[in-house]
1. Fully extended, how many nm does the chain gain between residue 62 and residue 120 (0.36 nm per residue separation, minus their Cα-Cα distance)?
2. May I ask you to give the solvent-accessible area per residue for the stretch 65-127, in square angstrom, as obtained with a 1.4 angstrom probe?
Amino acid sequence: MSVFKICALAAAAVLLAGGAYATPAQATKATTKQAAAKTTAAPKPKAHSVVGTLDKYDSGANSIVVNTGKGTETLSLSTTSAVRMGAKTMTASDLSSHTGDRVKVRYSESNGQRTVQSVQIEGKPATKQVAASSKPKK
């Protein structure tokens, strides 16, 4: 065999081997991109808040009704919902004794379902004081 044929065969072997190793690496990159796209496809539920007066706590439906200036909002409680009054942590069943109190509720909305993340009880709403009339005495 001539030196030219040996060099040509060696070059062909290197090209063939190089192509075989490069192809799986490209497939791995594509597979990784597809997996990353699947994990980022599910959007996180958007967080919201509402402030108003606690109208009702329904233990059967595990929900609360908050009266805002724009109407009423019905929100579902979950096992991870936090209920607080100041620094004191409370349970969801404690909400029934705080109807009429002012609350700030943080919730997430996903697929039309509003799930409470936290309820902060702020106390009784401020009442408007009417100034005493100063009628002159007769």
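1. The residue 62-residue 120 span can extend by a further 19.2 nm.
2. The answer is 59 Å² per residue.
The values are calculated or read from the model by the stated rules, or taken from the named source; none is laboratory data. Predicted model only: the values in this text are computed from it and were never measured. Note: accessible area is taken over every heavy atom of the protein model, side chains too, but ligands, DNA and RNA are not part of it. Shrake-Rupley method; radii C 1.70, N 1.55, O 1.52, S 1.80 Å.
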